[in-house]
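Report on the following structure.
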Amino acid sequence: MGAFARFLLVLAAGYASAASLGKLVPHLDWLTRAYGVPLAFAGFAVSCMMLPGALAGWTLGAIVDRLGARRVAVAGLLVTAAASLASAFGPGFAALVAIRIAEGFGYSMLVISATVMIVSLARTQGALALSVWSSFAPIGFALGQWAGAYAAGPDPLRPIGMAHAAVLVLAALCLRFGFGEVRASRAPPSREALRFPPALWSALSMGIVCGILLAAVALAPVVLSAKTGLAVATTASLTALAALPSIVGRFAPGWALQRGVTALAFFIGASVVAAASLLGSLLAPVPLWLALVLFALFQISAGALPGLLSAMLPHVAPAPGALGTVTGMSNQMANLGNLLGPPLVLALYAMAGTVAALTVLVALYVASVAALAGLTVFRRDLRQAG
């Protein structure tokens, strides 16, 4: 099997694992009725998958460096499959949350391992491969949400859980027999990454960027509903459609870096476009269709930033054998950003209005650029990235 085919195999495994994030979203109302819980609790059953990555990403990354990426990736897929299958047999709500957290562990194991596996494959196209890989979360989420919507019957968790478990087991078998083990000849002490400024600041920027993205996705339907008088459910469906082009932005960083654009220049340019388009979408007195076009532009430009930071991971590791640890740090901060960004910005919007919430988002963009600007890694020519 060639390198490109194995890359597609890892990418497909990432999509299958990330489908866990979205598969319950179409059935939030059913969860409230079936378990007698408020909608906020049902939402927590969806988002609690991010807790393991937020709490243990660095630790999981260190495990990848020591045990080997393929071994941990296969184990992660099987853990997620077992948890998905368990959810198919009508657990109580507390048990469902515990099962979802177990799914989150498996998901994080796969995500962190996959980066190391892709770097081992992409000798000359590493930046492009990693920026494309960063699309696993939005595409996987969308696929899970789309497939989950087709589940029917008195207990939709049963067909969802069983079908998803089967897909994950197939992905695990393909990785096990289609990919050689990837392990560094020397895995340095994991604390080296914690003392290495480029790794720390890159992880912090990933957390800020992911927090901004998810906060904007949560805020936009509320603001557009207030501007247009439409129901929040309607504006949410419209902004979800407007977010689909964001996948385009994931391909841009690797392409730009391999043509001599510096990472800092790309980051600043994409950040300026993202901030301007978000402000125009939610603040400017424009028709709804134009607000959605601007929001789509925000999603494309802001979506390029996680792609860039993913492409930079090999360049911010203190040593090749620490790539898993650095990836784990980045994953941990991304999950923290996803957990904290939306509630903080929505609370600020409720207290002080749209201008205050958007000012904070733009300030976070500035902070993220500042965090990366001083790193010597961005002064290099990255045409040989990967």
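Some notes on this structure:
So that you can scan it fast, the table gives a plain yes or no per residue for (1) of a type in the set (A, V, I, L, M, F, W, C); (2) at pLDDT below 85:
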position	(1), (2)
THR262	no, yes
GLY269	no, no
ILE300	yes, no
HIS315	no, yes
PRO320	no, yes
MET329	yes, no
LEU340	yes, yes
PRO343	no, yes
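- ALA42 being in the same structural domain as LEU128 (by TED's automatic domain parsing), surrounded by 17 or more Cβ atoms within 10 Å (Cβ to Cβ), in a helix (DSSP H, G or I) and modelled with pLDDT under 90: yes
- Options ALA45, ALA54, ALA102; residue that is under 20 Å from the mean Cα position of the chain (by Cα) and closer than 16 Å to MET333 by Cα: ALA54
- In the stretch 314-344, the residues that are surrounded by fewer than 24 Cβ atoms within 10 Å (Cβ to Cβ) and either free of Cβ contacts under 8 Å to residues at least 24 places away in the same chain or not polar (S, T, N, Q) (or both): PRO314, HIS315, PRO318, ALA319, PRO320, GLY321, LEU336, LEU339, LEU340, PRO342, PRO343, LEU344
- Verdict on ALA54 being at pLDDT 85 or above, on the phi < 0 side of the Ramachandran plot, surrounded by fewer than 16 Cβ atoms within 10 Å (Cβ to Cβ) and part of a helix (DSSP H, G or I): no
- Residue count, the stretch 262-292 (criterion: over 18 Å from THR354 (Cα atoms), touching a residue at least 40 places away in the same chain (Cβ under 8 Å) and more than 23 Å from the chain's Cα centre (by Cα)): 1
- Hey, SER108 surrounded by 24 or more Cβ atoms within 10 Å (Cβ to Cβ), of a type in the set (Ser, Thr, Tyr) and in contact with a helix residue (DSSP H, G or I) (Cβ under 9 Å, 6 or more places away or on another chain) or not: yes
- Test: SER134 is under 17 Å from the mean Cα position of the chain (by Cα) and outside the structural domain of LEU339 (by TED's automatic domain parsing): yes
- Looking across the stretch 1-39, the residues that are among the charged types (D, E, K, R), assigned to a helix (DSSP H, G or I) and modelled with pLDDT of 80 or more come down to ARG6, ARG33.
- The helices (runs of 4 or more DSSP H) found entirely in the stretch 87-189 that carry 1 or more residues being modelled with pLDDT of 85 or more, among the β-branched types (Val, Ile, Thr) and more than 18 Å from ALA13 (Cβ to Cβ) are 93-121, 157-178.
- Each residue in the stretch 138-160 was checked for being among the hydrophobic types (A, V, I, L, M, F, W, C) and touching a Pro at 6+ places or on another chain (Cβ under 8 Å), and 3 of them qualify.
- Hits in the stretch 138-169 (condition: among the small types (Gly, Ala, Ser) and either more than 20 Å from the chain's Cα centre (by Cα) or crowded, with 23+ Cβ neighbours inside 10 Å (or both)): GLY140, GLY144, ALA149, ALA151, ALA152, GLY153, GLY161, ALA163, ALA165, ALA166
- Yes/no for LEU244 being more than 30 Å from PHE89 (Cα to Cα) and surrounded by fewer than 17 Cβ atoms within 10 Å (Cβ to Cβ): yes
The values are calculated or read from the model by the stated rules, or taken from the named source; none is laboratory data. Predicted model only: the values in this text are computed from it and were never measured. In this analysis, Cβ positions are derived from the backbone assuming ideal geometry, glycine residues included, and neighbour counts consider all displayed protein chains.
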